[in-house]
Amino acid sequence: MLVFIFLVRKVITFLKNDYNISMSKINVPYAHASSIFEIDVSFYKKENVKTLLVDLDNTLDSYRTKTPSKRVFDLKERLSKEGIEMVIVSNNTGTRVTTYAEALGVRFISSIRKPFAKKLLAKAKEYNIDLSTSMMIGDQTVTDIPCGNRAGIKTVLTDKIVKEDQPTTHFNRLFDRPIRRKLMRKNLLRDWRSL
Ligand SMILES: [Mg+2]
């Protein structure tokens, strides 16, 4: 319920003020990519990323996909060759995230409660994740991006990789779509290649 009120207030503010930076910068990503799979590892190297905090549903795979697809395994390999650890950070529940992440062989934080950063900050400490060399990547302007911004780490916004979202995400999309439009209009979606 708190999350609901928070999101509604956030979006109303965002839409009312024609991009008021002090109120809305929380939704602005550092960079944008069509998909996580198009990003060259050299980008992360340049940004001094040691830990890539990756959203799961519609960033890596569809929420219906129980085990990682081949391109996700390949991505993990490419990253680890360069000394970058992939850690899955998902709002989804323990079982879904555990099954997927264990099959992939990566560490994970489930039920992380994005857009808030409290659990991320606590778990990062527990898992010895240095947030100063971390980057957050995900497909939602209302959860992934604010969480990363609040934790003080750089964020990358991606587009959905499949059309279907799980039912709870349909609600988020009501806010995600206008925010994306606004970010685009204001030229605030910087392509990762331009950085
Ligand atoms: Mg997602």
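Every number here is computed from the coordinates shown, using simple stated rules; none is lab data. Small disclaimer: the values here were computed from a predicted structure and weren't measured. Counting neighbours? That spans all protein chains shown, and the Cβs are built from the backbone with ideal geometry, glycine included.
So, counting K/R as plus one and D/E as minus one, what does the shell of residues with Cβ under 11 Å around residue 48 add up to?
On the way: positive: 45, 46, 50, 154; negative: 47, 130.
Net of charged neighbours comes to +2.
Could you work out the relative contact order of the chain, using alpha carbon pairs under 8 angstrom and six or more residues apart, expressed as a whole percent?
30
Dipole magnitude for region 42-108: about 120 debye, using +1 per Lys or Arg Cβ and -1 per Asp or Glu Cβ, origin at the Cα centre. Taken over region 67-195, the ratio of Cα radius of gyration to 2.2 N^0.38 Å equals 1.07.
Taking a label point 7 Å from the Cα of residue 133 along the Cα→Cβ vector, which residues of region 64-94 have an amide N closer than 16 Å to it? What the label zone holds, given the 16 Å backbone N cut-off, is 79-87.
Between helix 70-81 and the chain, what is the angle of the helix's C-alpha long axis to the longest principal axis, kept within 0 to 90° and rounded to the nearest 10? Helix 70-81 sits at roughly 80 degrees to that axis.
Each Cα pair under 8 Å and six or more residues apart adds its sequence gap; the mean of these over the residue count of region 111-184 is a relative contact order of 28 percent.
For region 27-60 and region 120-166, what is the separation of their Cα centres, given in Å? So the separation of the two Cα centres works out to 9 Å. Treating cross-link reach as a plain straight distance, find the aspartates and glutamates whose alpha-carbon is under 19 Å from the alpha-carbon of residue 118, omitting any fewer than eight places away in the same chain. Answer for residue 118, where 19 Å is the Cα cut-off: 55, 126, 130, 144, listed by chain and number.
Relative contact order for region 70-139: 23 percent, from Cα pairs under 8 Å spaced at least 6 residues apart, divided by residue count. At an R0 of 22 angstrom, the distance between the Cβ atoms of residue 185 and residue 159 translates into a FRET efficiency of 0.85. More than 18 angstrom separation, counting every C-alpha pair in region 34-113; what % is that? Of all Cα-Cα pairs in region 34-113, 35 percent lie more than 18 Å apart. For residue 114, the lysines whose Cα comes closer than 20 Å to its Cα, not counting residues fewer than 8 places off in the same chain, are 10, 25, 123, 125, 154, 160. If I take R0 = 25 Å and measure r between the Cβ atoms of residue 46 and residue 96 in this structure, what FRET efficiency does the formula 1/(1 + (r/R0)^6) give, to the nearest 0.05? Computed FRET efficiency for residue 46 and residue 96 comes out at 0.15. Extension gain, residue 35 to residue 2: 0.36 nm times the residue separation minus the Cα-Cα distance gives 8.8 nm.
Counting only Cβ charges, +1 for Lys and Arg and -1 for Asp and Glu, the dipole size of the chain around its Cα centre is about 600 debye.
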